[in-house]
1. Of all the Cα-Cα pairs you can form in segment 467-624, what percent are over 20 Å apart?
2. Give me a comma-separated list of calculated 3J(HN,Hα) values for segment 455-468, in order, Karplus coefficients 6.51, -1.76, 1.60 applied at θ = phi - 60°, integers in Hz, x for any Gly or Pro.
3. Which net charge results for the neighbourhood of ILE761, defined as the other residues with beta-carbon distances under 15 angstrom from its beta-carbon, given Lys and Arg at +1 and Asp and Glu at -1?
4. In whole Hz and in residue order, list the ³J(HN,Hα) couplings for segment 544-559 that follow from phi through the Karplus curve 6.51 cos²θ - 1.76 cosθ + 1.60, θ = phi - 60°; x for Gly and Pro.
5. Please work out the Cα convex hull volume for segment 737-779 and give it in Å³ per residue.
6. Any chance you could list the semi-axes, whole Å, largest first, of the equivalent ellipsoid that the Cα gyration tensor gives for segment 727-832, using √(5λ)?
7. Can you give the convex hull volume of the alpha carbon atoms of segment 558-673 per residue, in Å³?
8. What number does segment 450-504 give for Rg over Rh if you use C-alpha atoms and the Kirkwood radius?
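The values are calculated or read from the model by the stated rules, or taken from the named source; none is laboratory data. Quick caveat: nothing in here was measured; it's all calculated off a predicted structure. Don't worry about glycine lacking a Cβ; one is built from the backbone with ideal geometry, like all the others, and counts go over all protein chains shown. Heavy atoms of the whole protein, side chains included, go into the accessibility calculation; ligands, DNA and RNA do not. Shrake-Rupley method; radii C 1.70, N 1.55, O 1.52, S 1.80 Å.
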Amino acid sequence: MRPNSHLLVSTIALGLLALHAPSVAQEAKKAKPKRPDAVGPAIGENKATPISRIKAMKGFTVELLYSVPGGEQGSWVNLCTDDKGRIYASDQYGGLYRFAPPAAGQPLDPAKVEKVPADIRAVNGMVFAFGALYVGVNDYEGKIPCGLYRITDSDGDDKLDKVELLRAMDAKGDHGVHAVLPTADGKALYLVCGNGAKPTEMTASSPVPKIWGEDHLLPRMPDGRGFMRDVMGPGGIIYRVSPDGKEFAAVASGFRNIFDAAVNHDGELFTYDADMEYDFNTPWYRPTRINHVVSGGEFGWRNGAGKRPAFYPDNLGAVVDIGPGSPTGTTFGYGAKFPEKYQRALYALDWSWGKLYAVHLEPDGASYKATKEEFISGSPLPLTDAIIHPKDGAMYFAIGGRRVQSGLYRVTYTGSESTAPIEAKAMTSAARDLRHKLEAFHGKQDPKAVETAWPHLDDKDRFVRWAARTAIEHQPAATWADKALASKNPEALMALARAAGVCPQHRTDGTRGTDVAMRAKLLDALLALDFADQQLTTLRTIEIVLNRFDRPDDATVQKLIAKLDPLFPAKTFEQNWLLCETLCYLQAPSAAAKGMTLIAAAPTQEEQMEYARSLRMLKAGWTKETRTAQLEWFLKAANYRGGASFEKFIEFIRTDALATFTDAEKAEFAALIEKKPEQKSVIENLGAMFAGRTPTNWTLDELSTATKSGMKGRSFDNGRKMFGAAACFTCHRFDNQGGMTGPDLTGAGGRYSPHDLLDQIINPSKVINEQFVPIVVTKNNGETVIGVVVNLNGDSVQLNTDASDPNQRVGVDRKEVKSIEPSPISPMPPMLLAMLTKDEILDLLAYVLSGGDRANQMFKK
């Protein structure tokens, strides 16, 4: 639960709107609300968000059962049930409460909410198991130790009163100790921890091999605002814990801030991880996402600019990206009196955007793929946790956290579909069975491990490859090093680089590995590979070798440059990311000209920023022309917009770049170095693309007719340029780049025909994607505020109302609010296509409908 800064509307479109249409705000004030019942009572009455401001999927009914009196019972963040069907709730800064769910259609009687006598507070996760209530404590105020506790009834009076601290943990802030849940085999517990909880003592049998590292080839850039800048890998961890709390084994790591997790009928674990909103619109931004948590998994969180993108082979990607938000609770719908589809769904709660998603999983090889849909939404609706009640089959969810007004709600199905219970049966999968066979070698040394796992290092399934490599990494490197060096398999060489190369993070003196012979053998083996096959894995392994060992001698550096330089630039951004970074580390003379050419051609600020991040450390090969282009790019980038740390990241890149200038260069470019950026809007920065053009008021009929015969032979490259030129990347994510304030369009080809996509662009308010509807807040004095809720704290509701500045906030006191209603006007303006030619529009359509997703194609399961 944390602030977000996710609201960017295409400013080029806003510029066009200023010329051709009234403002969105004006239109929203004039238009009628889409839902007449959206106007509820004042939210300053110490009542939870009314049902009138909550939207549920068709056929489902939401009841507000209880508005939690904040002064007495705090703000609830966690729910669970005991064996008698009673519900327990926890106050984020206080104790536990217990009550029986009320009868259908009835509110919860406040007199029946009893305080649990156990002397415990700040419970962020809890579950009844092994005859006790296990809780994860994350005490922000430091009044009791954070960690795992067990609570029992000491005298048989049906009241929990005995508290035992099983394991104290060093944790701080929102990112500490969170959920507790039973493992699939019923023999242990999972403990879910964010990256603010320092790793605790683990058993030798932990599936995560203790060889993790930062693995940044170039000096890392910590968070621009200093957030957790001293926190290194492995990031958040999910532990398997024995019932007595003595044995902790790390199941998976590399998470940012996971709050909860859930196990499906196949016995597989899933979690909902957080984004870092300060990174918005940087190349290392990763949206909130559902992760399939597998044995030994690494999910790539590192501080600041060090987060590993999905295409890095030394981390695992998402089952599905959700978008901007603040993940809280997760639960499967098992036991719910819902239609079959929703009994099988994984429910994921988002605190800041007020969304409860139904995630529909589908087996995909050794893992899963998924789609998401909005199940419940409201504003404000700071969702914290949800459970399925085992007796009445209803879903109960809570809102609260950060001392905001808390409430308890119930969701029931009132539609006509069957709600017959589904069979609790695991689905079989040969690939998943193979993964489990390999995972059996995790956390132990076994002479059969290498022989069994080796053939699967080049399996087409990414999760099988991961399980095989992890099994091998748990074996003594000396027993398989020669086999890896002779294998011509980049996955095997990555395992050896990680196992034999000690990361500087684990050295007390901060130095790198000094095994010159092993470094030479690894690099020779890598250079001998055919780079046309698994190029990303090979390139990334070279980076790991160069990071974990001392810099090689000049002769080896020249051999590496000779091998890599002809490959750069490559066909994809992902390949160029690694090639540019590695060649800049090696000080390749050609990297400056090639890198600046890529920056000039890149349609997104993320892509430009990534190349600039690598070039900042390059000293060799600069000319007057390339240095001029570099400095002029910084003047241009000063007008780019992103998350709260974005400007600082640009500043870091510029500062490091200037440090590579020679004294002669500093003198020659003194005027350009000292030049202050001219503040320009995005439309002004993009003006050169459309200079001299007259806007065209394209009609749907005209363009739709053109698509019937004009979609063949289109230029995807030009379509991508138009996607950037029309500022689509500002709000929409496509192919793992772009903003997150509009729908992700990567899968648009499966949802839209050319006609339908054009209709969405030309008539954006006709059907507004529910995930991105702004709200209209009317205050008691008649003033209106239109925007998106991005943070809540106590009675303060923060909205972002300026589409050009994601960090702009307007604070509204809940006590001053008369009503809240959804805006009928889309934040996406019309006239987006006005400056494009017909051919450019058709190229853009072809690009969007193509699906993109290069990275997943390269690592296709």
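1. 52 percent
2. Result, rounded to whole Hz: x, 9, 5, 10, 4, 5, 8, 4, 6, 5, 4, 4, 4, 5.
3. -3
4. Each residue's phi maps through the Karplus curve to give 5, 4, 5, 6, 8, 10, 4, 4, x, 5, 4, 5, 5, 4, 5, 5 Hz.
5. Taking only Cα atoms, segment 737-779 has a hull volume of 99 Å³ per residue.
6. After diagonalising the Cα gyration tensor, the semi-axes are 30, 15, 11 Å.
7. Value for segment 558-673: 97 Å³ per residue.
8. Ratio of gyration radius to Kirkwood radius for segment 450-504: 0.94.
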